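Okay, structure first, notes after.
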Amino acid sequence: MGFRGQKIEMISDALKSKFDQVIAHYPSKRSAIVPLLVFGQDEIGHVSGELVEEIARRVEVRPIEVEETIGFYSMLHRRPIGKHNFQVCTNVSCMLRGAEEIMAHCERRLGIGHKQTTADGLFSLEEVECLGACCGAPAMQVNYDFYENLTPEKVDALIARLKKGGA
């Protein structure tokens, strides 16, 4: 599947070019594995088998070494995720300030649970550990954007904006 649900047959030339640029910045090609995975996931929507093979070839490691890296980082996904990936922090600071309520509200509003994606591919939801936004708890991250001091009303407004195509 392509970026957030679109079918692709191969890794784009633009992504391959980006990989070359990233690898050139590292003294050891192996050190580029994580950034390559993130850039690849951003384009494709998940970490595909083809992406693993391509990265392994480019950084001159076995595919299992790329797989091991994927297993370590929770922000990397082997299955397609929604166009808007809601990551609700439920660590101590956020929990004390209402993260359970925010997570439950997201589940109700989106009609999905932890590590699930809506049928239309627009939203996915997951409970995550610390986002480093303790002063603004409860907090969540949607793709690369942070939202703090959340309330159910703020979540509703965000969902409505994203459904209309806003960022």
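So Asn85 passes all but one of these: (1) out of contact with any Lys or Arg (no Cβ under 8 Å at 6 or more places or on another chain); (2) in contact (Cβ under 8 Å) with a residue 12 or more places away in the chain; (3) surrounded by fewer than 19 Cβ atoms within 10 Å (Cβ to Cβ). Which condition number does it fail?
(3)
Yes or no: the range 66-74 includes at least one residue that is at pLDDT 95 or above, surrounded by 14 or more Cβ atoms within 10 Å (Cβ to Cβ), assigned to a helix (DSSP H, G or I) and among the charged types (D, E, K, R).
So far as the range 66-74 goes, yes, one or more of its residues are at pLDDT 95 or above, surrounded by 14 or more Cβ atoms within 10 Å (Cβ to Cβ), assigned to a helix (DSSP H, G or I) and among the charged types (D, E, K, R).
Mind listing just one residue for me: the one in the range 110-129 that is in contact (Cβ under 8 Å) with a residue 40 or more places away in the chain and surrounded by fewer than 17 Cβ atoms within 10 Å (Cβ to Cβ) and, of those, nearest to Asp156 (Cα to Cα)?
Step by step, filter the range 110-129, then rank; the result is Leu122.
Would you mind finding the one in Val38, Val52 that is assigned to a helix (DSSP H, G or I), of a type in the set (A, V, I, L, M), surrounded by 20 or more Cβ atoms within 10 Å (Cβ to Cβ) and out of contact with any Leu (no Cβ under 7 Å at 6 or more places or on another chain)?
Details: Val38 fails: surrounded by 20 or more Cβ atoms within 10 Å (Cβ to Cβ).
Every option except Val52 fails the conditions.
Suppose we keep only residues that are of a type in the set (Ser, Thr, Tyr) and touching a Gly at 6+ places or on another chain (Cβ under 9 Å) within the range 130-167. Which one would you say is surrounded by the fewest Cβ atoms within 10 Å (Cβ to Cβ)?
It comes out as Thr151.
Would a scan of the range 131-146 turn up a residue that is among the charged types (D, E, K, R), free of Cβ contacts under 8 Å to residues at least 12 places away in the same chain and either farther than 23 Å from Val47 by Cα or not assigned by TED's automatic domain parsing to the domain that holds Leu36 (or both)?
Restricting attention to the range 131-146, the residues satisfying the condition of being among the charged types (D, E, K, R) are 145.
Applying the additional criterion that residues be free of Cβ contacts under 8 Å to residues at least 12 places away in the same chain yields none.
No.
The values are calculated or read from the model by the stated rules, or taken from the named source; none is laboratory data. Computed from a prediction, not measured in an experiment: that's the story for all the values here. We place every Cβ from the backbone using ideal geometry, glycine too, and count neighbours over all the protein chains shown.
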